[in-house]
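Enquirer: Mind having a look at this structure? Questions to follow.
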Amino acid sequence: MSALSLKGLSKNFGPFAAVRPTDLEIASGEFFAILGPSGCGKTTLLRMIAGYEHPDSGKVFLGNTDITSLRPQERGIGMVFQNYALFPHMTVFENVAFGLRARKASAKLFPKLSPKLSNDAIRSQVLAALESVRLSEKSRSSVPALSGGEQQRVAVARALVIRPRLLLFDEPLSNLDIALRLQTREEIRTLQRSTGITTVYVTHDQGEAMSLADRIAVMRAGRVEQSGDPGMLYNSPASTFVAEFLGGATLIDCDLNGPQRLVSWGGISLAIPAGFPSPEPGPAVLAIKPEGLSLAEGEEGGVMQATVRSREYTGFTTTFTLLAGGRVLKALVVSTPETGSVVPGTSVSLRVDWRHCSLYAARR
Amino acid sequence: MRSRSPATLLAISLLVAVFGIFVLYPLGATVAESLHAGGELSLDHYRFLFDMSNRVNLEAVGNSVYVSVVSVVFSGVIGLFLAFVFTQCRFPLRPLLARLAVLPVALPPLVGVIAFLFVFGETGIIPRGLQLLFGTAGPVLPAGGIAGVILVHVYSFHVYFYLFVSAALGTLEGSQLEAATGLGSGPWRTFVRVVLPELRPGLLAASALTFMSSMASFTAPLLFAGGKHFITLQIYASKLNGDMDLAAAQSVLLTAVSLAFYLFLTLGPARPSGYARKGPASAGLITPGKLPGRVMVVAAFTLLAVELLPVIAILALSLAREGSWTTQWVPSAYTLGNYTAFFADASLLVPVVNSLEMALLALAASLAFGVTAAFLVSRTRNRVFSTWANLALTLPYAVPGTVVAVAFILAFNRPVLPGLPALLVGTFWILPLAYFVREYPVVIRSVAASLEGMDGSLLEAASGLGAGPLRRFRSVALPALLPGILSGGVLVLIGSLGEFVSSILLYTYDSRPVSVEILAQLRLFNIGAAAAYSVVLMLIILLLLRLSGGLLASDRRMSYIL
């Protein structure tokens with residue numbers, strides 16, 4: 001049984017279809033990422049799960065329960081907001097205790113619905129939650145006095161402490177600097193593993209989604225283009241969009257010659273290896289990830305000729321921007337003394353690793 | 001649309017009921033009354049207003065409009081000038097002086113006008129002092145008539161321009177001016193192309209506000225006009241003559257003009273408030289070291305002195321022995337008697353206690369109504385609806401005090417609903433209610449300003465954590481809105497404590513407010529007593545401003561609320 005199922009969920013804002021009818025099944029304990037560029041509908045989808053947006057059609061199931069018409073406070077879902085949405089006038093402790101205290105208050109009114117909580121129980125749960133995000137010493141601090149990373153961790157503790165049936169993240173790392181982002185990413189993953197709470201994580205950063213998630217849904221223009229585990233998405237992108245967005249592939253309009261199994265553009269022809277999945281012959285799109293191209297030794301060692309336009313050296317790797325058959329390509333290679341001597345304007349010969357390529361029928 | 005919670009529904013129904021009974025019903029009753037003559041629908045009263053053979057009413061409208069236009073121009077020039085000097089120029093004591101510059105806005109209208117009268121009026125200190133100095137036959141340059149009214153208006157209303165312009169200049173980044181200069185633009189070009197566009201919305205808003213306030217002005221014409229007709233005085237006269245139909249028609253006319261300007265003010269140009277400044281504020285358009293800069297600073301100091309003179313005068317006059325200021329240029333004898341009398345005879349404090357009591361009632365009602373209304377309106381997603389709902393809710397802001405009083409008389413001299421016994425007119429309750437209606441919009445505006453600055457995801461986060469609407473309001477929204485509630489509340493107290501315009505038409509002797517008492521003492525030529533009451537009122541207001549933590553120091557906050 002799925003922990004969360006979305007059935008035909010959709011939302012329009014006026015004439016704009018933010019989310020087109022969408023189905024998703026998320027398993028219990030799973031870390032699920034929704035990945036897409038800004039404006040693709042991923043945040044709207046998340047907000048419908050949390051109950052902040054009411055869908056135009058479709059249903060949300062938490063386990064077997066239809067929660068579509070429940071208000072956010074009745075759903076028991078934890079959410080970490082992009083800007084953290086910490087209450088600025090409360091201390092760290094009060095922020096984290098907020099959800100438990102709200103439950104305690106409603107337990108007075110509806111003793112059957114909510115468990116009774118003593119003040120001591122609240123205190124120990126809050127401290128445990130702060131402990132889990134390494135903020136025990138900061139429990140009396142005021143929120144504005146915290147650094148961005150600490151605020152982010154308070155937001156996580158506040159969402160976790162209510163023992164949510166589902167944990168939602170809305171781009172939680174986008175306000176942090178790069179080093180902190182990598183560190184926090186790891187912490188979130190560890191925390192999710194240890195608590196086992198089913199998690200939905202919205203991001204536009206494919207690296208974040210790949211490193212965190214058990215499964216990813218790639219969204220575009222209100223639709224899920226493809227979902228699956230990171231390896232599957234990376235190795236067999238179902239569309240040019242997924243290849244480009246997730247793999248950083250260069251897309252090349254080309255002709256696919258059926259009988260000889262050749263792709264060609266601008267005077268370049270490449271032979272397709274046997275067994276490589278390819279569409280019907282005719283106009284096609286070849287997607288090549290940067291790591292699928294490498295420089296051959298000597299000028300004739302590869303399968304196509306290209307001219308180096310620029311070189312971007314980042315230490316361990318070097319990215320070349322190249323011109324081949326009138327198209328701009330990217331090649332990502334491990335830096336060597338040889339790559340350091342290749343200057344813009346040099347003619348090089350390129351090898352193609354077909355494991356990093358995919359072919360699609362051209363859109364008409 | 002999902003169903004709303006019972007608490008929300010209850011709050012909405014209460015709001016609608018209060019708004020209907022105390023705002024819509026009195027205004028509706030006024031319009032209805034103005035359209036009836038002899039028990040039948042008729043336009044007779046309006047025909048009378050525009051009757052060419054009896055030009056009193058037309059003249060009154062003409063005078064009101066003329067005075068308002070001239071007040072806008074002069075208030076604008078002086079307010080703009082002071083704002084520039086006080087924000088762009090560095091000199092000693094600047095923060096203190098800048099705060100003093102907004103003083104007139106905190107003066108109750110009656111106190112401001114009589115203080116002005118004491119200094120610049122026909123028998124005022126300056127004209128008589130000059131008379132003595134030059135040995136002329138009469139007082140030199142006494143303020144009176146139309147010019148006197150304009151002077152009083154400029155005295156009070158130039159602060160609007162000051163506040164709006166300083167707020168706009170506060171959002172102007174210093175680096176913007178540096179960039180302009182770096183691109184080769186001279187000071188004049190920078191002013192016209194970079195500074196002025198930033199000021200335009202603020203100038204328009206201040207103009208509309210000044211025009212509205214001048215049209216609604218009652219106290220200044222009452223004490224200065226000297227036989228000239230003004231629309232507010234005509235309403236007052238009609239009421240005193242018992243001609244409520246005519247008073248209603250005049251009120252409708254005045255309100256229509258005021259409302260048009262209010263619509264412009266609210267729906268028109270955006271206020272200079274939402275722009276988040278990142279760099280340091282600009283300061284240094286004017287260099288005080290150079291000659292023009294020095295002249296400007298001196299001129300600004302002179303204006304500030306003129307602004308403070310009435311306040312100083314009223315402090316001094318509160319120490320005058322009664323009867324010692326008749327033909328002298330300043331009183332000849334001084335005493336603490338005007339103050340010690342308060343301790344000797346507790347009944348003298350009755351008006352002060354009345355005003356405090358009624359202001360606190362108005363405060364409680366305004367906060368309850370205003371905070372709830374602002375919060376509920378802000379929760380709707382529909383932008384168009386929330387704009388119009390806010391506009392409707394703050395409608396009394398555009399209704400002159402004289403009109404509120406007329407509307408209350410017309411509406412509440414009979415039971416509100418058949419079967420209900422309460423006749424509110426002639427009871428203690430009529431004044432706190434009138435204060436409430438006049439003052440609550442400022443709470444809505446002030447809280448709405450805070451709400452705009454509040455992060456909406458805070459409430460979402462709270463509901464996601466299991467908090468219901470009441471808890472969300474109490475533990476998340478209320479603390480975030482506290483600064484707005486506080487400044488709105490202080491403005492309600494200040495407005496109610498010194499309220500005069502509605503009070504003079506509605507008060508009963510037992511519940512007479514301090515403003516009415518001041519006028520009564522003035523009419524008895526008890527200058528010292530009138531001044532002493534004014535000083536007590538000013539001290540209370542000063543105390544409130546201190547408690548509110550420098551409300552007037554924040555130009556941006558004030559310019560948004562007003």
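Enquirer: Please arrange B:325, B:388, A:265, B:188 by how many other C-beta atoms lie within 10 Å of their C-beta, fewest to most.
Expert: Fewest to most other Cβ atoms nearby, the residues stand as B:188, B:388, A:265, B:325.
Enquirer: What percent of all Cα-Cα pairs in chain B falls in each 20 Å bin, counting up from 0?
Expert: Spelled out bin by bin, chain B gives 19, 53, 26, 2, 0 percent.
Enquirer: May I pose another question? When the C-alpha atoms of segment A:235-356 are aligned to their principal axes, what extent does each axis show, in angstrom, from largest down?
Expert: 42, 30, 23 Å, listed from the longest principal axis down.
Enquirer: Using a simple spin-label model with points 7 Å from Cα along the Cα→Cβ vector, what separation in nm is obtained for residue B:196 and residue A:205?
Expert: It is 4.8 nm.
Enquirer: Further question: Within a 10 angstrom radius of the beta carbon, how do B:262, B:533, B:66 rank from fewest other beta carbons to most?
Expert: If I rank by nearby Cβ atoms, fewest first, I get B:66, B:262, B:533.
Enquirer: Around residue A:268, what is the net charge, scoring Lys/Arg as +1 and Asp/Glu as -1 over all other residues with Cβ under 13 Å from its Cβ?
Expert: Combined, the nearby Lys, Arg, Asp and Glu give -1.
Enquirer: How far, in degrees from 0 to 90, does helix A:92-109 lean away from the longest principal axis of the Cα atoms of chain A, to the nearest 10?
Expert: Taking the Cα atoms of chain A, the angle to A:92-109 is about 60 degrees.
Enquirer: Further question on the same structure: Tell me, what is the FRET efficiency for residue B:346 and residue B:36 to the nearest 0.05, using R0 = 41 angstrom and their Cβ-Cβ distance as r?
Expert: 0.30
Enquirer: Can you give the Kirkwood hydrodynamic radius of the protein assembly as shown from its Cα pairs, in Å with one decimal?
Expert: 33.3 Å
Enquirer: Does anyone have the angle between helix A:148-160 and the longest principal axis of chain A? Alpha-carbon axes, 0 to 90°, nearest 10?
Expert: 60 degrees
Enquirer: Also, I was wondering about something else. Relative to the first principal axis of the alpha-carbon coordinates of chain A, what is the inclination of helix A:119-132, with its axis defined by its Cα atoms, in degrees from 0 to 90 and to the nearest 10?
Expert: 20 degrees
Enquirer: Follow-up question, since we're still on this one. Treating only the Cβ atoms of Lys and Arg (+1) and Asp and Glu (-1) as charged, compute the dipole magnitude of segment B:59-317 about its Cα centre; round to the nearest 20 debye.
Expert: For this selection, approximately 840 debye.
Enquirer: Ignoring the sites themselves, what is the longest stretch of chain A with no GluC sites (Glu not before Pro) in a DSSP loop and at most 14 other beta-carbon atoms within 10 Å?
Expert: The reported range is A:1-296.
Enquirer: Which value at 222 nm does chain A reach when only helices count, each DSSP H run of 4 or more adding -39,500 (n - 2.57), with the total divided by all residues and rounded to the nearest 500 deg cm²/dmol?
Expert: -8000 deg cm²/dmol
Enquirer: Next question. Write out the trypsin sites (Lys or Arg not before Pro) in segment A:180-280 meeting two conditions: DSSP loop, and at most 16 other Cβ atoms within 10 Å of their Cβ.
Expert: Sparse-neighbourhood loop trypsin sites (Lys or Arg not before Pro): A:261.
Enquirer: Right, another one. Given bins 10 angstrom wide, list per bin the percent of all Cα-Cα distances in chain A, short to long.
Expert: Whole-percent P(r) values from 0 Å outward: 5, 20, 25, 21, 15, 9, 4, 1, 0.
No lab work stands behind these numbers, since they all come straight from the coordinates. Treat the numbers as computed from the prediction; the structure is a model and nothing was measured. A quick note on method: Cβ atoms are made from the backbone with ideal geometry, for glycine too, and the neighbour counts reach across all protein chains shown.
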